[in-house]
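The values are calculated or read from the model by the stated rules, or taken from the named source; none is laboratory data. Not measured: the values here are computed from a predicted model. Don't worry about glycine lacking a Cβ; one is built from the backbone with ideal geometry, like all the others, and counts go over all protein chains shown. SASA here: full protein model, heavy atoms, side chains in, ligands and nucleic acids out. Shrake-Rupley method; radii C 1.70, N 1.55, O 1.52, S 1.80 Å.
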Amino acid sequence: MDQVATEMQPMVAPNYSPLDVVITKADGCWVTDIDGQRYLDCLAGYSALNFGHNNPVLNRAVTDQLHRVTLVSRAFDHDQLQPFAAELTELTNTEMMLPMNTGAEAVESAIKVARKWGYQVKKVAPEQANIIVAANSFHGRTTTIVSFSTDAVAKDFYGPYTPGFRIVPFGDINAVRDAIDDNTVAVLFEPIQGESGVVMPPDDFLPALRELCDEENVLMILDEIQSGLGRTGFTLACQYAGVQPDLVTLGKALGGGILPVSAVVGRRDVLSLLTPGSHGSTFGGNALACAVGRAVVKMLDTGEFQARARNLGKILHARLQEIVDAGHLAQARVRGLWAGIDVEPQLGLTGRQLCEKLALRGMLCKDTHGSTIRLAPPLTISEDDLNLAMDILAEVLAAQAAAVGRN
Ligand SMILES: *Cc1c(COP(=O)(O)O)cnc(C)c1O
């Protein structure tokens with residue numbers, strides 16, 4: 001070997017630019033890096049870790065199942081799938097479940113089944129089905145899903161793109177109405193746009209959308225992969241608006257931050273259009289995934305985590321409002337234990353720079369774009385730790401305001 005030290009060549013494809021923190025272990029809402037430094041995790045795996053790191057209940061479910069059976073392929077049955085389906089549909093007040101692995105696969109599956117319903121039931125013109133989606137949405141990374149992304153970074157150079165999507169402004173019921181035609185099979189929206197920075201539609205949007213979909217015979221699909229499973233203080237974020245969609249996609253927290261577990265839940269008459277062989281997945285519905293999913297559903301069944309998100313969310317809201325009032329945040333959008341915050345532009349701080357400063361103070365979170373960051377700590381966070389996170393955020397922003405002469 002050459003004696004001269006050479007810079008190591010990167011071996012990981014550079015489709016991420018993580019903060020300069022290398023985590024080696026984690027427990028609850030705290031993670032520890034290779035230097036022994038501890039950080040409060042205020043991103044929680046984009047809500048995949050709603051129940052915290054190293055959760056003993058989830059760990060037990062995984063280790064018990066690990067030694068029994070993990071995967072049989074769907075060519076055979078195992079004893080975890082039927083109970084998981086029964087429990088998840090009961091939790092979400094739905095009729096049927098299709099198990100998949102990643103969130104993007106759940107969204108792809110919902111798109112496929114909605115199109116099939118369109119051709120076979122609604123009788124739309126062959127190959128002409130369209131689905132209405134929102135600008136600034138995030139539904140995953142497959143070629144079909146990025147085909148209707150409005151984010152150039154996520155979309156550019158991945159064409160040719162899948163046709164059949166109509167993009168409307170988020171939360172604009174009149175735009176949805178105008179976009180619907182005889183070949184519209186579904187609308188597909190996030191009830192709250194997560195990646196976009198926890199952006200909420202007007203309160204009357206989801207009820208109006210439900211009514212419009214009924215009038216026009218269009219399936220209402222909500223992507224609750226990030227918003228669902230307790231984050232907003234409800235099992236599903238759409239419960240805030242009191243609506244029942246036709247199909248819901250779930251993911252992230254469904255696997256407890258341990259395994260990728262996703263699902264489409266919804267109407268039996270729609271999901272039962274999937275006949276044997278017409279859709280599938282080697283790992284979808286595997287025994288280990290179902291065991292984790294069952295443990296997640298069981299925790300949500302008690303309502304304890306939804307209540308935590310609601311109650312701690314009040315503290316989160318109040319603390320962020322203080323920072324808004326101090327003039328250091330331009331806006332804070334909060335629902336449950338989930339917030340999108342926009343740094344006051346006069347502070348001259350990008351979201352990325354803020355996250356770097358917070359990391360130095362022992363708090364991890366992630367910018368979404370520009371000067372917006374998203375806060376989503378585990379729902380297991382203590383009131384003290386939440387207040388600690390808010391103290392750190394307030395101090396870092398106040399220091400920046402002082403540095404630019406705006407205190
Ligand atoms: C994360 C996310 C997805 C994609 O999930 P993956 O598991 O990364 O494929 C889809 N929709 C929403 C709303 C998400 O937040």
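Things worth noting here:
- Its Kirkwood hydrodynamic radius, worked out from the mean inverse distance over all distinct Cα pairs, puts segment 184-266 at 13.0 Å.
- Normalised by 2.2 N^0.38 Å, where N counts its residues, the alpha-carbon radius of gyration of the chain equals 1.01.
- For segment 298-407: accessible area per residue (Å², 1.4 Å): 42 Å²
- By accessible area, using a 1.4 Å probe on protein heavy atoms only, the chain has 52% of its surface on carbon and sulfur.
- Sorting the segments 116-122, 13-19 by their mean number of nearby beta carbons within 10 angstrom, highest to lowest, gives 116-122, 13-19.
- When the Cα convex hull of segment 250-289 is projected onto planes of every orientation, the mean area is 3.3 nm².
- Only aspartates and glutamates eight or more places from Lys366 in sequence, or on another chain, were considered; those with a Cα closer than 15 Å are Asp20, Asp41, Glu195, Asp342, Glu356.
- Cβ screening of the chain for cysteine pairs under 4.7 Å finds these without a partner: Cys29, Cys213, Cys238, Cys290, Cys355.
- Calculated accessible area for segment 101-214 comes out at 44 Å² per residue, all protein chains present (probe 1.4 Å; ligands, DNA, RNA ignored).
- Site pair Thr275 and Ala152 shows an inter-label distance of 4.6 nm when each label is modelled 7 Å from Cα along Cα→Cβ.
- Spacing of the modelled spin labels on Val12 and Ala86, each 7 Å from Cα toward Cβ, amounts to 4.2 nm.
- Crossing angle, helix 103-117 versus the chain [Cα axis fit, 0-90 degrees, rounded to tens]: 20 degrees
- Computed from Cα atoms, the angle from the helix 81-92 axis to the main principal axis of the chain rounds to 70 degrees.
- Cα long-axis angle, helix 351-360 against the chain (0 to 90 degrees, to the nearest 10): 60 degrees
- Its alpha carbons considered, segment 54-183 gives a radius of gyration followed by a Dmax of 19.0, 55 Å.
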